[in-house]
Each structure stands twice: as structure tokens, then as C-alpha cells.
Amino acid sequence: MELKNSIPSGPIAEKWDKHRFDMKLVNPANKRKYDVIIVGTGLAGASAAATMGELGYNVQVFTYHDSPRRAHSIAAQGGINAAKNYQNDGDSVFRLFYDTVKGGDFRSREANVYRLAQISLNIIDQAVAQGVPFAREYGGLLANRSFGGAQVSRTFYARGQTGQQLLLGAYQALERQIGAGTVKISTRHEMMDVIVVDGVARGIVCRDMVSGGIESFTADAVVLATGGYSNVFFLSTNAKHCNVTATWRAHRRGAGFANPCYTQIHPTCIPPSGDYQSKLTLMSESLRNDGRIWVPKGKDDDRAATDIPQDERDYYLERIYPSFGNLSPRDIASRRAKEMVDAGHGVGERRNGVFLDFEDAIARLGRDAISERYGNLFAMYEKITGESPYDRPMRIYPAPHYTMGGLWVDYNLATTVPGLFAIGEANFSDHGANRLGASALMQGLADGYFVIPLTIGNYLARAPRMRVGDDHAAVKDTEREVKERLDRLMSVDGRRTVDSFHIELGKLMWDACGMERSAQGLRDALKRIPELREEFWSDVRVPGSAANLNQSLEKAGRVADFMEFAEVMCHDALTRDESCGAHYRVEHTTEDGEAKRDDENFAFASVWEFKGVGEAPVLHREHLEFENVQLSTRSYK
Amino acid sequence: MKLTLHVWRQDGPNDKGRHERYEADDVSEHMSFLEMLDVVNERLTEQGKEPIAFEHDCREGICGSCGMMINGVPHGPKSLTTACQLHMRTFHDGQEIWIEPWRATAFPVIKDLVVDRAGFDRIIASGGYISIRTGSAPDGNAIPIPKADSDAAFDAATCIGCGACVAACPNASAMLFTSAKVAHLGLLPQGQTERWDRVLAMVDQHDAEGFGNCTNHGACQEACPKGISIDYIAQLNRDLIRATLRAKPVEAGKDA
Ligand SMILES: Cc1cc2nc3c(=O)[nH]c(=O)nc-3n(C[C@H](O)[C@H](O)[C@H](O)COP(=O)(O)OP(=O)(O)OC[C@H]3O[C@@H](n4cnc5c(N)ncnc54)[C@H](O)[C@@H]3O)c2cc1C
Ligand code: SF4
Ligand code: FES
């Protein structure tokens, strides 16, 4: 597997411009002769499809949802970063770049991150022009707030529904192209595999989720915008259907998978209430702007929060990190919360949370101002817990939230399989070992609106063309493999439900490869996962038929892929014998208990090559050069 | 608590469908409504029966996937709450619950509680957007927008496309959904250029999809989990009249 990152030469600030000039263009009249498949209609997929349709390509887009607007991006709450410096507080493209590289604990690729910071400016303009109703000040200008890991106010937001509003903007742009006939959409179609002919991606095989039909679609290029894999943990803040199938299937066909062990735990989620818990709900990190995090100083304190006097409270983030305080980065805030709960300071009936308290903010700013900022989040919290955050502090606890790992891509967002691209959360590109808040929306839209529509043109203009008919042997073979696998799932007819396996796998992964990892724990997991996979394939029960809507079968296929994927995640975590960002190996900590990087040996992206189910994957390394940001130990004190 | 469920089961679009009765024991008040259904489905699967098909994804009231009639009310008894955000503490021990899909000609049943809402997407595709080519936007702060207008546009833009308004309406009209988009874009300066064409196209598409006419019942507003107001329908009607009058060519630069 060759890893050519295709970073343009020259000073970092000029690379993207230079690259755009060097790219080969597709003649406008020829664009409609090129077929491009896009899988996924979240921020990344919808923005890419809309833009490429507009440019004149013949685009076909797929989603397993009933409508593009349902993609998981819809749930993003807090905001989107951009280096507009509208607040005149010292922000700049370089500062956003710097913060992102530092926040990622020096495990991302400088050139990509710099481009992201540059493009951030255009995204806001684009969204405003589409009618995205961002928060505004009384003077009518755009408002900003601050987010974890930054000391400037650069986050744009639409109350607590930023993802919804940005996705609706992209969705509407996409629907406009669908109406205009430049983009065709297949909803309720789940991509099951990539068709690779002579090493080049030429299409996909889908299952029509209503009829059960297995259908192939061929094209000149395939773009995966299929989101992240946090649901490997079963319980996460991701929407229930989020899964790894698309990227995993691509990996099995030759696409390198980078940094699978970089998974982010979000510090502010509602703690689980019982065994039936089906997912976890995030309370936006923006709440940490005004909320103060604390636990009772005493252990097993049964008193109501309001009965605990100030001097018996430990505002531990403010105490340990005086300059960043409650706005410390996510990985740090999460680990500290776990420590507090493990040490017996947990709050709530199940003692599985810490407090996030708005009492001071309400006293300072008034209830109305707080409700204006967080009204819908408070209402959501109250619906779930039956408790009002206006009257008593929220209870929060970390939960799996975002996956920095993903398909390896070069500067052009191309995977190691020619013709196959990955954008949005599905790729590994910009966040290193830890993503800063409000940067995923930025990256998804940067990839979709501004990067892939250009870089794919460069690919198409250079790549030799080949028409692959529906009856090509590779198409037929891939279809047959997909069918056989589905038949196998249907025919096991065992005793256990798909969810019971998913829950078991999730717990295993959370314990071994969650917030903390140890060599021993990972080795044990690597023994257990293949056994569990065996059990799955011999004892799972999928009722109903494959020839119509069958939600159990859909889940079964996804869980089967998680069962394979989990292994490479653990291999990655084990091989990365250092701590960095969200990857916290208990063997590697500083004296203060912070992640201890080993730049000498691990300043690289791990890229895994598939060798077969149950076979050890092969590790390739992309060495990371830091020419513009000096490698330093992160400090948020 | 223990509950008795009567759930609509329908194998496919052409099946007649029927209610089936299930006993749900050990329901915790902290469960969400969908978690209660998950537990029922796990049991059905263990018994070798097909679980109840229902749509869901985010389970936090934002994606608009979930949606079912619960005791005859879209999304159930709690106002401003989607089915996924409804918690079992709203019900009491021993209660009987009837669960059915949205019923509307324009929302054909696919299976059990799952219906086809693609008509909503086609209404948006007909004009529910602002035409702005990627990359051609002016600076975000080039056009200040009074906070009140921007907030009002946001309120309209919070529609999640769930279809409860259609399910609640005796005419199965989708006017609340359509008007929310017309209002969102029409309240912003960026949305003015296409304002009149937009409303005409979207209302045409709405009718072509087989959604019924709005006769001002107001049931949609009651049912809407996002508090979308029927004032937007009045606004849409005003725009529609102006747009229809304008449909004749007018002198450039003159607003009708
Ligand atoms: C609760 C929550 C809050 C968040 N808040 C923020 C925030 O405030 N700011 C921020 O920057 N980020 C936030 N994030 C992260 C951010 O929302 C996501 O990273 C981002 O939206 C991912 O977008 P995407 O387009 O890559 O993928 P997604 O939105 O996940 O879309 C994936 C798409 O792929 C389709 N798909 C997947 N697999 C297949 C398949 N096999 N076949 C067919 N279709 C398929 C799906 O149908 C869907 O359309 C948040 C995340 C969560 C969970
Ligand atoms: S208007 Fe309300 S009820 Fe109708 S689709 Fe939108 S959110 Fe749902
Ligand atoms: S599942 Fe998303 S709104 Fe209910």
C-alpha cells in the first residue's frame, strides 16, 4: 500500500492556491459525461452532491434514510468554527490552524488543517446566503461564542440547532439540484460494497431497503460521506443507525483505514438511566461557556446539589486548569469526570455523573439570557430526566461521540483505492488525535462544498476512462458476495437478538478501548472479539425475510461489520504505545496524569491494510512533519 | 409498570393490516417510548416473531424520523414532544396504548408504522431553497439582518419534517410544513428574489402530491412537536395571493 499524501510544495499559506492552479480542469461541456456516486447526505455528502451537480457532473446520491435531511449531522448542536475574526479578538486563519493542530495533539497533517482554516471563511458566507438563520446581535450582525480548546470567540451558531440549520441549507441546495435534474437520489438504499475493477473504484452495490433488491450502480468516481463509527460502543451520542459498513467495506476492498483508535469521548452527555438505554444524549459543549462543573468534595454525598454549601464543592476543572477552566478540551474534561466518579464523587441516583451548574450564570445574566442561549437544550434535558436545569444542576457524564479515525485520504481526499474518495467524518484527515468542538461541521462542509468538487475534477481529467457495464464480472461477483452474506445472516436462525450482540461488543470496546486503554486490556479484547464474532455468526437470529423492509437484517449487517472493525481498532490502540489526545494509554501519563506523547516514535498516522477476517492487519505509516507549528506539550493550565 | 399495546401491523403496502395486542411488563418510567418498543421488539424476536417496524434515528427530537399515532394523537399525549422524546412517566400502570402509523393518502404505509414521506422532499425540491451557487456568496456580514427577523426565520426553520401536521389534519394537508419553509426563507433578505415563484411552485407541488386543502382546523399546530404556528399558513396565503397577481409579467424593479 503506497501512501502518497500529495501535499503541494511551497509555503503553507499558498499551498491550496497553488494546487488549485496546478489542477487539471474538466471542460464544462464534458462534465455531464462523468458519473459521480456520492454515498451519504449529511453535511459532507449533501454539500458535495449539490455543488458537483451545480458544476454539471452527473451525480447520483444514496442514503439509507428516507430523506437526505435525516442524516446524523442534523443533531449537531453547538456550532461551527470560522476564522472570521468578527469579534476582533485576535483570531486569524493561522490561529484556527494552530488551535486545531494543537488540539489534535500534533497528530494531524498541517497542510490539510491549514486549508480547512482558510475555507472556514467561505463556509459561513455560503450558509448565510442560503438562509441559515445564525444567531445575530441586536445590530444585525452575526454573533459568536467560544468553545472548548480556544481562547477566541469564533463559533457561529443557530441556537442549539446549528447542525440542523446547516444541514437544511445543504439539503435545500441538494433538493434544488434534484429538482433541476443534475442529481439523482436513491433514498432507503444502503450501500453494501464497493465495486473495484483492476484496482479502481467503479461503483457500488446497494440493498434497496424496501424491496430487498440488490442493485449495482457504476460511475467514474465514488465518494463516501458516510459518517463516523462511534456506535461500535453501542451506547454513544450518534444517531442509532450510524455505522461503519460503508468505510469498512471499502477497507476490505483495499482502502487504508487510518487511526481507528482515535475516538472522541464527549464530556457533557446525560448519564444512562437503566439497562434498556438505547443511546446517549449529548448536552452541547457550549453549555460549558456558562455552566460550572463540580462534584461534592465528600464521597457518596446524598444531599441535593442546592444543599451542598460552596466550600464543600470541588470545581475541579477550574481548580486544576485555572486558565481554561470549564473550557478545557474534551479529552481532558472527560477523563477528569471519570476520575471523579471512579473516586466516589459521582452524583445522581446511580452516582454516574458530575454536576454542570448554571446557578451563577442565571444570577449574573438573568434567566431570560440563559434561556435564549440554551433554552432548547434545557428543555431536552428536562424531557429526558424530568429535572429542570433552571432549578438544579444538570448531571453529565462522558460518552463516545465522534471518531477522528477514518479512511486514509491524501490532500485531494482520495483514498488508497483510485477513484474512491472519503469526506466528512468518514475520513481521518483534519483532527489528529482529538477534535476541537465546532470543527466537524466546518470540516464536513469544507470537504463537501469547497474541496472535493475541485479535486475530483482533477482526478477525472487525468484518469483513464473505462465504462463498466452492469454485467461486468466484477459487478456480478460483488453482487453475489453481498447476496451470500445476507443469506448467511438470514439462515443462522440462532437464539440471540442482534442488539444483544451489539450491546456485548459495545461494552467490551468501552472497557478495553474507550476512555482509557491498557496493553493488557487490549490484548484480552483481541482474544475475545473473534470469539464473540463466532458466536454472532452461529447464534444470531434475524426474523422475517430479506425480500422486504427488515430492520433486524439491516442491523445485523452493520453489527457484523462492527465485529470485524473492532479488532483493527484494538490493534491500532495497542500498537500506538503512547498517549495522545483522546487516545489515553494508562502506561503513558505525565506526573499530572495527562496524556504523554512520544513524538520520537509516534509522530505518524497509522494506516491499516486489510488482510482477511481474523488475520492481523498490516500497519503502514504516514510520517507527519510539523513545519509551522512547533511540537510542544499541550498545556491548558 | 405494565401496559397493554395494540400495535398496527401491516406486512407491506398491499397488505390490509391489523392491530396486534402485546403485553409490555416491567416498563420503567425512565424509558423513552421508543425504548419501550425496543424491549417489546427484543421479546418478539426471541419468540421468533417479526419485530414491529418503526422509524427512528436521532432519538432526540431533531431528525424527524420517528412519528406514530399514540392513542390517536401524533407523537402521543405530551405537547411539543416527539415520540422519541416521550418518556414512559407520561403513562400509568395498566394503561392501554394504541399505536398506529400516520394515515394520509400522500403518506402510503410501507410496513407496520413506517410510511413514505418522500412527498415532503419533492415540495422542497420544487422551490424550498435560495438559489446560491457555491462560492458566490458575499461576506456573511454584508447584509445585516435585524435580530427579530432572524429569530423569526429561525422559529419557522425548526420544522423537522416529521409529518405529524399531516397526520393530525382531517384533510391530510401539508400546509403547515410548506408554510414553515415559505416563511423561513421569506423572512430573510436573501430569500426575497425568489419569494413569489417559490410560494407558487411549492403550493403546486403540495397539491400535486395529493395533500389536502387547508381549511383552518388548527389540528396541525396542536400536533406539531416543534411549535410551528399556523400564522405561517396565513402568511403563505397572503404571499400566494400577491404571487398569483404578480404572475403576469411586471415591470422590472417594481415590487407588486
Ligand atoms: C449529538 C452530536 C452533536 C454534535 N455537535 C457538533 C457541533 O456542535 N459542532 C460540530 O462541529 N460537530 C458536532 N458534531 C459532530 C458532527 O455532527 C458530525 O461529525 C458531522 O455532522 C458528520 O457529518 P457527515 O456528513 O460526515 O456524516 P453524517 O451526517 O453522519 O451522514 C452520514 C450519511 O451517510 C449515509 N450512510 C452511511 N452509511 C451508508 C450506507 N452504507 N449506505 C447508504 N448511506 C449511508 C447516511 O444515511 C447519512 O446520510 C456532533 C455530533 C453529535 C453526535
Ligand atoms: S410543521 Fe411540525 S408537524 Fe409538520 S412536519 Fe414540521 S415539525 Fe412536523
Ligand atoms: S428519532 Fe429523530 S426525531 Fe424522533
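The values are calculated or read from the model by the stated rules, or taken from the named source; none is laboratory data. These numbers come from a predicted model, not from an experiment. Here Cβ is always computed from backbone atoms with ideal geometry, including for glycine, and neighbour counts include all displayed protein chains.
Residues are listed down the side, and each one gets a yes or a no for (1) part of a helix (DSSP H, G or I); (2) more than 18 Å from A:W608 (Cα to Cα); (3) away from every other protein chain (no Cβ under 14 Å):
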| site | (1), (2), (3) |
| --- | --- |
| A:R528 | yes, yes, yes |
| A:F536 | yes, yes, yes |
| A:E554 | yes, yes, no |
| A:H571 | yes, no, yes |
| A:L574 | yes, no, yes |
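In this structure, is A:G432 modelled with pLDDT of 95 or more, in a helix (DSSP H, G or I), more than 24 Å from A:G212 (Cβ to Cβ) and not assigned by TED's automatic domain parsing to the domain that holds A:A546? It is false that A:G432 is modelled with pLDDT of 95 or more, in a helix (DSSP H, G or I), more than 24 Å from A:G212 (Cβ to Cβ) and not assigned by TED's automatic domain parsing to the domain that holds A:A546. Within region B:111-134, if we keep just the residues that are assigned to a strand (DSSP E or B) and facing chain A (nearest Cβ under 7 Å), the residue that is nearest to ligand 3 (Cβ to nearest atom) turns out to be B:V114.
Of the candidates B:S229, B:S179, the single residue that is outside any helix (DSSP H, G or I), more than 14 Å from every other protein chain (Cβ to nearest Cβ), surrounded by 14 or more Cβ atoms within 10 Å (Cβ to Cβ) and more than 16 Å from ligand 3 (Cβ to nearest atom) is B:S229.
When region B:44-64 is filtered for residues that are in contact (Cβ under 8 Å) with a residue 12 or more places away in the chain and either in contact with a helix residue (DSSP H, G or I) (Cβ under 8 Å, 6 or more places away or on another chain) or more than 16 Å from ligand 1 (Cβ to nearest atom) (or both), the ones remaining, listed by number, are B:L44, B:I52, B:A53, B:F54, B:H56, B:C58, B:R59, B:E60, B:G61, B:I62, B:C63, B:G64.
The set of residues in region A:33-55 that are of a type in the set (A, V, I, L, M, F, W, C) and either within 16 Å of ligand 3 (Cβ to nearest atom) or under 22 Å from B:S131 (Cβ atoms) (or both) comprises A:V36, A:I38, A:L43, A:A44, A:A46, A:A48, A:A49, A:A50, A:M52, A:L55. A Cβ distance below 6 Å, combined with a sequence gap of six or more or placement on separate chains, defines the contacts here; from region B:155-181, residues that are outside the structural domain of B:G61 (by TED's automatic domain parsing) and within 18 Å of B:N71 (Cβ to Cβ) reach no residue that is of a type in the set (V, I, T) and more than 9 Å from ligand 2 (Cβ to nearest atom).
Condition check for B:Q221 on (1) at pLDDT below 95; (2) closer than 28 Å to B:D57 by Cβ: one failure, at (1). Just the residues that are more than 21 Å from the chain's Cα centre (by Cα) and under 17 Å from B:G64 (Cα atoms), please, taken from region A:28-68. Once the filter is applied, which keeps residues that are more than 21 Å from the chain's Cα centre (by Cα) and under 17 Å from B:G64 (Cα atoms), region A:28-68 yields only A:D66. Please go through region B:202-226 and pick out each residue that is within 16 Å of ligand 3 (Cβ to nearest atom) and either part of a loop (DSSP other than H, G, I, E, B) or more than 26 Å from B:I70 (Cα to Cα) (or both). Hits for region B:202-226 are B:C224, B:P225, B:K226.
Each residue in region A:266-300 was checked for being away from ligand 1 (no atom under 12 Å from the Cβ), in a loop (DSSP other than H, G, I, E, B), farther than 18 Å from A:Y374 by Cβ and in contact with an Asp or Glu (Cβ under 9 Å, 6 or more places away or on another chain), and 7 pass. Of the candidates A:S328, A:S286, the single residue that is touching a helix residue (DSSP H, G or I) at 6+ places or on another chain (Cβ under 6 Å) and at pLDDT below 95 is A:S328.
Checking every residue in region B:9-27 against the condition of being within 15 Å of ligand 3 (Cβ to nearest atom) and without any contact (Cβ under 8 Å) to a residue 12 or more places away in the chain gives zero matches. Whether a residue is in contact (Cβ under 8 Å) with a residue 12 or more places away in the chain, more than 10 Å from chain A (Cβ to nearest Cβ) and hydrophobic (A, V, I, L, M, F, W, C) was assessed, and B:I97 passes this test.
In region A:89-104, of all residues being part of a loop (DSSP other than H, G, I, E, B) and farther than 26 Å from A:C261 by Cβ, the one that is farthest from the other protein chains (Cβ to nearest Cβ) corresponds to A:G90. Restricting attention to region A:159-181, the residues that are farther than 12 Å from A:A127 by Cβ, among the β-branched types (V, I, T) and within 18 Å of the chain's Cα centre (by Cα) total 0. Check region A:382-399 and report whether any residue there is assigned to a helix (DSSP H, G or I) and within 23 Å of the chain's Cα centre (by Cα). Looking for residues that are assigned to a helix (DSSP H, G or I) and within 23 Å of the chain's Cα centre (by Cα), one finds none in region A:382-399, hence no.
With respect to the conditions (1) on the phi > 0 side of the Ramachandran plot; (2) buried (at least 20 other Cβ atoms within 10 Å of the Cβ), A:E567 falls short on a single one, namely (1). For region A:56-88, the set of residues classified as away from ligand 3 (no atom under 12 Å from the Cβ) and in a helix (DSSP H, G or I) consists of A:P68, A:S73, listed by residue number.
Of the residues making up region A:333-370, those that are without any contact (Cβ under 8 Å) to a residue 12 or more places away in the chain and either under 28 Å from B:F154 (Cβ atoms) or not assigned by TED's automatic domain parsing to the domain that holds A:E285 (or both) are A:A363, A:R364, A:G366, A:D368, A:A369.
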